[in-house]
Number of protein chains: 2
Amino acid sequence: MGPQNGEDVGVATTRKTFAILETLRESEGLSIAEITRRTELTKSTVYRHLKTLQELGYVIERDGEYYIGMGLLEIAEQTRNREPGYTVAQRKVFDLGRETDERAMFLVEENFEGVYLYRYGSPSNTMVGERRPLHALASGKVILAEFDDDRLERFVERKELGQHAKNTITGQGALREELAEVREQGYALNDEEYMDGLFGVAVPVYTPEDELLGSLGLFGPTSRFTDEYLYDDLIDRLWDKAGEIKVTLAYG
Amino acid sequence: MGPQNGEDVGVATTRKTFAILETLRESEGLSIAEITRRTELTKSTVYRHLKTLQELGYVIERDGEYYIGMGLLEIAEQTRNREPGYTVAQRKVFDLGRETDERAMFLVEENFEGVYLYRYGSPSNTMVGERRPLHALASGKVILAEFDDDRLERFVERKELGQHAKNTITGQGALREELAEVREQGYALNDEEYMDGLFGVAVPVYTPEDELLGSLGLFGPTSRFTDEYLYDDLIDRLWDKAGEIKVTLAYG
DNA sequence: AAGAGTATTCTGCTGTACGAAACAACTGTC
DNA sequence: GACAGTTGTTTCGTACAGCAGAATACTCTT
């Protein structure tokens, strides 16, 4: 029968491999039978793929249960430290969290989505690597504010401005106005736009060449973020840290 | 002709996919032609695999150059936080580094190798995810000291006790004696055993159930680590931090 | 002992990933 | 402006590798 359309240049086997890895990501410690059930693959297929991944060191097996190995960490970490600035940002995120006792994070953009690169904060950890809609986050808006018209056009075209919480900006016009304001004032707020009850504030981080590196932000329950706290403390502190990153990059 | 031996259950396509990813890991920002040159693959194969990986979100393309995307980060990070203890360890590594101004790290074992899970310290960053021989590190010896006889037997069988620096322990007998000593004193030293001029000290980290979680360590130039500094400060500090991890795990 | 659940091995078929080659879009060179 | 040398993209027939399914081996329960 052949492929259904002539456009598919992909490699089906690779897709299967990652289907297995993604299944393991969601819940590690699965048996071959269990993975077979959760994917649309055959037992023998799962078996062969797992053996291959194990041989390559990306999957480990401990008494019948399969786990993702640390091999991917080596690849991922190299990626995360692609830009020297990212490493500097990591430290600042940590310091920021320690000093304010709020949740802190550093966000970058990829494929029109926000990706958490570093994070400090207590609750159910590991948001690192997760993706969020740019238009519904303070950090996201900071990044969008740097897009030129073309890029922003493509963004709203490809991504819907979906409603995530009661104050999410869903209109194109409103978004453009908001971004202009963000550009002007140099920071962005997220007042229950991503999740009800959640407040965020973020600033842009630039390289010494004045290119946008990412966005540094704080977030937490809305009640904590009083105007006073925000304008007399947090925003200045964020600007300081962003500046420190730039300076560290410029001079050792 | 068929497969050369009946033992090969692997998936060749998957191996090709990861050959490409590993090539990109070593040096990102490569063109299709460049990847073709560095691997043993055909141009069209590289092309097809890259398109697939891009579609899956694990590779991104920026004006003709291909990079590893942050998609793998999401998988890897989940793995790294598999054990709740790892997250706690991360913070302690950071604190340790800040307090002592030395390089700090947390190491776990996988496939008889040491894997850096977290790290604090200045120079050429990102050792995270990298692998090291267990017998040549302070942290490695701490982990080996917990192996039972069977496991240690298999370890020396599978891994050579290779010489990495002037003081590396390469004899089985010597290693066993050393491990007994480590067990007894509760810490391990690395006196130019992995790299000439490099000194390390490490302690084990246990869960509330007294299972080994990993090893917490400090390292730096040999000259810095005087006996006084070691025995009056660092080792006690490491023990403290390891204890704090255990306690944090037991009670919020 | 039988049963239900595993992982592993085997085999022949089929679909697909592959390589080679041609094409298109750019580059710089003379 | 023609030409040679890049690059990425597409096509296409075929070998071969990944696949399904069954058969086997192995653990546990009961």
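The values are calculated or read from the model by the stated rules, or taken from the named source; none is laboratory data. Bear in mind that the values here come from a model prediction, so they are computed numbers and not experimental data. Cβ placement follows ideal geometry from the backbone for every residue including glycine, while neighbour counts extend to all protein chains displayed. Heavy atoms of the whole protein, side chains included, go into the accessibility calculation; ligands, DNA and RNA do not. Shrake-Rupley method; radii C 1.70, N 1.55, O 1.52, S 1.80 Å.
Of all the numbered requirements in (1) more than 15 Å from DNA strand C (Cβ to nearest atom); (2) crowded, with 21+ Cβ neighbours inside 10 Å; (3) closer than 25 Å to B:Y118 by Cα, B:F18 misses one, and that requirement is (1). Of all the numbered requirements in (1) in contact (Cβ under 8 Å) with a residue 24 or more places away in the chain; (2) surrounded by 13 or more Cβ atoms within 10 Å (Cβ to Cβ), A:G243 misses one, and that requirement is (1).
Given B:E109, B:E34, B:E28, which one is more than 11 Å from DNA strand C (Cβ to nearest atom), open to solvent by 10 Å² or more (accessible area, probe 1.4 Å), under 21 Å from A:Q78 (Cα atoms) and assigned to a strand (DSSP E or B)? Steps first, answer last, please.
Working: B:E34 fails: assigned to a strand (DSSP E or B); B:E28 fails: assigned to a strand (DSSP E or B).
It is B:E109.
For B:E55, the stated conditions hold: it is within 24 Å of A:E130 (Cα to Cα), free of Cβ contacts under 8 Å to residues at least 60 places away in the same chain and either within 10 Å of chain A (Cβ to nearest Cβ) or open to solvent by 60 Å² or more (accessible area, probe 1.4 Å) (or both).
Looking across the stretch B:171-207, just one residue is farther than 27 Å from B:Y86 by Cα and touching a His at 6+ places or on another chain (Cβ under 8 Å), and that is B:L175. When the strands (runs of 3 or more DSSP E) confined to the stretch B:188-242 are screened for residues that are under 19 Å from B:E99 (Cα atoms) and among the β-branched types (V, I, T), those reaching at least 2 such residues are found at B:198-206. So is A:L179 closer than 25 Å to A:R151 by Cβ and assigned by TED's automatic domain parsing to the domain that holds A:V93 or not? Here the answer is yes, as A:L179 does meet what is asked.
All of (1) in contact (Cβ under 8 Å) with a residue 24 or more places away in the chain; (2) closer than 24 Å to B:V88 by Cβ; (3) not hydroxyl-bearing (S, T, Y) hold for B:E193 with one exception: (2).
Of the residues examined, B:I60 is one that is within 12 Å of chain A (Cβ to nearest Cβ), of a type in the set (A, V, I, L, M), open to solvent by 10 Å² or more (accessible area, probe 1.4 Å) and more than 16 Å from DNA strand C (Cβ to nearest atom). When A:L50 is tested against (1) within 13 Å of DNA strand C (Cβ to nearest atom); (2) open to solvent by 20 Å² or more (accessible area, probe 1.4 Å), exactly one condition is not met: (2).
Matching residues to (1) at pLDDT below 95; (2) in a loop (DSSP other than H, G, I, E, B):
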| position | (1), (2) |
| --- | --- |
| B:E77 | yes, no |
| B:K141 | no, no |
| B:D150 | yes, no |
| B:H164 | no, yes |
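So for the stretch B:86-93 (the condition being facing chain A (nearest Cβ under 10 Å), in contact with a helix residue (DSSP H, G or I) (Cβ under 8 Å, 6 or more places away or on another chain) and free of Cβ contacts under 8 Å to residues at least 40 places away in the same chain), does at least one residue qualify? The answer is no; no qualifying residue exists. Given the structure, is A:E65 more than 7 Å from chain B (Cβ to nearest Cβ), open to solvent by 60 Å² or more (accessible area, probe 1.4 Å) and more than 13 Å from DNA strand C (Cβ to nearest atom)? Here the answer is no, as A:E65 does not meet what is asked.
Taking the numbered list (1) at the interface with another protein chain (Cβ under 9 Å from one of its Cβ atoms); (2) closer than 23 Å to B:V115 by Cα; (3) under 16 Å from the mean Cα position of the chain (by Cα); (4) open to solvent by 10 Å² or more (accessible area, probe 1.4 Å) in turn, A:R131 passes all entries but (2). Of the residues making up the stretch A:88-110, those that are within 13 Å of the chain's Cα centre (by Cα) and either modelled with pLDDT under 95 or of a type outside the set (A, V, I, L, M, F, W, C) (or both) number 2.
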